[in-house]
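Student: Mind having a look at this structure? Questions to follow.
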Amino acid sequence: MTESRILARLVLVTLAAALTVTAAAASPRPAAAVTAAAVPAAVEKVARADITQRALAAPIRFLASDLLEGRGPATRGDELTRLYLQTELEGMGYQPAFANGAWQQSFDVVGLKAQFPKAWSFTEPGGKVELAWRDDFIAVSGLQQEKVNIANAELVFVGYGIQASEFQWDDYKGVNLAGKILVMMNNDPDWDPNLFAGKRRLYYGRWDYKYSSAAHQKAAGAIIIHTPASAGYPWQVVQSSWGGEQFELPAAGEERVSVKAWTTEEAMRRLVKSAGFDLDKLIESAHSRDFKPVPLGIKTSLAFTNVLSRVRTANVGGVLPGNDPKLGPQVVIYSAHHDHFGIGEPDKSGDKIYHGAVDNASGCAQVLAIARAFAHLPQRPRRSVMALFVAGEERGLLGSAYYAQHPSFPAGRIAANINIDGGNILGPTRDLTLVSLGKSSLDDIAAGLARAQGRTLVGDQYPDRGYYYRSDQFSFAKIGVPALFFSEGTDVIGKPAGWGRQKHDEWELKQYHQPSDKLDGTWNFDGMIEDAQLDMLAGWLIAQAQALPAWKPGDEFEAARKHALAELAAAKN
Ligand SMILES: [Zn+2]
């Protein structure tokens, strides 16, 4: 950042301060009055001194180096990464985050490699229909056991497979679906802005919700019908992400379906047609609150085997205790995943180390720099601050899911999560994307700080892709914790319109989850510095505010927060 930009920013902070006072006086919601204006100069000074190019580049260079071998779970690179992160936190004066003075929270990762038959056959009144592995269907085991057997289960079309009381929506209508195979549409209702947030994909529209929804019905299995439009990606993505080994936390007694499957739209059309149904008509009928499950008169038996594996990895965490007797037991959690894909298939250049420099050495580096800034503040914040480096994100948000199930602070005492996954390497921007925009009172804090930096806050640029549910903040949302999750801006200063978006898309195509995600001389850190400084100040404001952040009324995760706060109140009594 140049001097003139810093000056311009200070002027803006002052301006924002003046504006905020007016807004606060008129506002009926005092909690929303916490903005950039409340950040003292001393705090901003520490953010600028500690969050610099040097502070970010050095950990990225180390974490993305060949010696760390791509930080795959349960590898030497993974262990070195964790030791490095814990050592850094210890050196800054943080306390170990876990029980008995532990810096690390270990957990098992279960690997499941399923062997499905080449053809999945279905019996219908009109005869037999077979679906071909990969071309027509892809499936994974829902059970962590060597042999899985489904005998003579009936297929039932259940529309979206959604039960959501806040939208008065129930696709099951109390029908007994135990032992059935549920055929479901992807996504959630998207034609009405007042229903499931219109085009935005909510948790209800994701495959993970659908499979667990089927499990709650005690179904034997679930088949999601893939269409490129409803998934947001082509069939090849289903083939590549579901066709190989799957990773999970060890089963802990929760309800599970035996098989989780996808079919192409064409294959499902063929399957239901020979049973006398028109897929388009079935889908049309599900576009209504009055929809009821439709038994398809199709039966199937399916037997397959799994090769099981089990490895161990760990989350790393440190805490800076808050100095307020009442708010100190509450915490603001910064998170970044430390894992990547390890060593794998070589790219064209022969490189087989998946360095994960942007994804997510850059997030770890930002959280380290932010943690150091908090440790250097002249006065500790009121609430505690935690730096949490989670494992196994690339395997399906496993480390954050494990933490959410075994949190070191009760969920009701976690004020907010600020999750950092990736970073801006293109240069300073006029905009900043807040993927979580519209979900909680944290929006106000983010907007105020962005304004103070002379930037515009914009919402998720791809609302149909469900990015909110694709990194670790989602694990926190599930236990009711509101999160700030930013993504870099694309309106890059000094570049023509559209340049940032184009570079970003190019990066996704060529570097994302490839060995070539490396630190090189082309990186411009100025945008990442500005983003991380904003993250630090946001956490500070959350740590200082009298009230806990809250979900917007009616948000899909509001009920989880109420539940967590009620549990906390019950524990006190
Ligand atoms: Zn990532």
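Throughout, read-outs are computed from the coordinates displayed, never taken from laboratory work. All values derive from a computational prediction rather than experimental measurement. Here Cβ is always computed from backbone atoms with ideal geometry, including for glycine, and neighbour counts include all displayed protein chains.
Student: Considering the alpha-carbon set of region 55-152 alone, what are its Rg and its Dmax in angstrom?
Tutor: 23.2, 72
Student: Now for a separate question. How do 516-527, 481-492 rank on mean C-beta neighbours within 10 Å, highest first? Don't skip to the answer; put the middle values down first.
Tutor: Values: 516-527: 16.7, 481-492: 25.0.
Descending packing order for the listed peptides: 481-492, 516-527.
Student: Go through 537-546, 494-503 and give me the packing order, highest mean Cβ count within 10 Å leading.
Tutor: Taking the mean over residues of other Cβ atoms within 10 Å, the ranking is 537-546, 494-503.
Student: Let me ask something else about it. Among all helices in the chain defined by DSSP H, which have a length of 20 Å or more along the axis from Cα atoms plus a Kyte-Doolittle mean of at least -0.5?
Tutor: On the way: long enough: 3-26 (35 Å, 1.46); 76-92 (24 Å, -0.76); 526-544 (27 Å, 0.36); 558-572 (22 Å, -0.15).
In the chain, the long hydrophobic H runs are 3-26, 526-544, 558-572.
Student: What trypsin sites (Lys or Arg not before Pro) does region 334-380 have in DSSP loop regions with at most 16 other beta carbons within 10 Å? Spell out each step's value before the answer.
Tutor: On the way: sites: Lys348, Lys352, Arg372; in loops: Lys348, Lys352.
Within region 334-380, the qualifying trypsin sites (Lys or Arg not before Pro) (loop, at most 16 other Cβ atoms within 10 Å) are Lys348, Lys352.
Student: Past the 27 Å Cα-Cα mark, which pairs from Lys273/Lys478; Lys180/Lys439; Lys199/Lys273; Lys113/Lys439; Lys113/Lys218; Lys113/Lys518?
Tutor: Lys273/Lys478; Lys180/Lys439; Lys199/Lys273; Lys113/Lys439; Lys113/Lys518
Student: Give me the extension gain from Leu83 to Lys572: residue separation times 0.36 nm, minus the current Cα-Cα distance, reported in nm with one decimal. Walk me through the numbers on the way to the answer.
Tutor: Values: separation 489, 0.36 × 489 = 176.04 nm, distance 3.61 nm.
Full-extension gain reported as 172.4 nm.
Student: A further question on this structure: Taking 35 Å as R0, compute the FRET efficiency from the Cβ-Cβ separation of His376 and Arg76 and round it to 0.05. Could the numbers behind the result be given before it?
Tutor: On the way: r = 33 Å, r/R0 = 0.93.
After rounding, the FRET efficiency stands at 0.60.
Student: Work out how much length Glu506 to Tyr233 would gain on full extension: take 0.36 nm times their residue separation and subtract the Cα-Cα distance, in nm to one decimal.
Tutor: Details: separation 273, 0.36 × 273 = 98.28 nm, distance 1.67 nm.
Gain on extension, Glu506 to Tyr233, equals 96.6 nm.
Student: Another question, then. Quickly rank 276-288, 442-454 as a protection proxy: mean count of other C-beta atoms within 10 Å, highest first. Don't skip to the end; give the middle numbers.
Tutor: Details: 276-288: 14.4, 442-454: 22.9.
Peptide ranking by packing, descending: 442-454, 276-288.
Student: Please identify every one of the trypsin sites (Lys or Arg not before Pro) in region 51-133 that sits in a loop by DSSP and has no more than 13 other beta carbons within 10 Å of its own beta carbon. All intermediate terms of the calculation are to be shown ahead of the outcome.
Tutor: On the way: sites: Arg54, Arg61, Arg71, Arg76, Arg82, Lys113, Lys118, Lys128; in loops: Lys118.
Hits after loop and neighbour filter: Lys118.
Student: For Thr305 paired with Ser288, estimate the spin-label separation in nm (one decimal), with each label point 7 Å from Cα along the Cα-to-Cβ line.
Tutor: Calculated label separation equals 4.9 nm.
Student: Which shape class applies to region 193-289: rounded if a/c is under 1.5, otherwise prolate when a/b exceeds b/c and oblate if not, where a ≥ b ≥ c are the square roots of the Cα gyration tensor eigenvalues?
Tutor: Details: a/c = 1.42, a/b = 1.27, b/c = 1.12.
Since a/c stays below 1.5, the shape of region 193-289 is classed as rounded.
Student: Across 20 Å bins from 0, what is the distribution of all Cα-Cα pair distances for the chain, in whole percents?
Tutor: All Cα pairs, binned at 20 Å, distribute as 20, 52, 25, 2 percent.
Student: Right, next: In nm, give the distance between the simple-model label positions of Gln95 and Tyr462, each being 7 Å from the Cα along the Cα-to-Cβ direction.
Tutor: 4.1 nm
Student: Tell me the mean residue ellipticity at 222 nm calculated for the chain from its helices only (DSSP H runs of n ≥ 4, each -39500 (n - 2.57), averaged over every residue, nearest 500). Walk me through the numbers before you get to the answer.
Tutor: Working: 16 runs with 184 residues, N = 573.
Mean residue ellipticity, 222 nm, calculated: -10000 deg cm²/dmol.
Student: Right, something else. Would you mind getting me the FRET efficiency between Asn323 and Lys147? Use the beta-carbon distance for r and R0 = 56 Å, nearest 0.05.
Tutor: Values: r = 56 Å, r/R0 = 1.01.
Once rounded, the FRET efficiency stands at 0.50.
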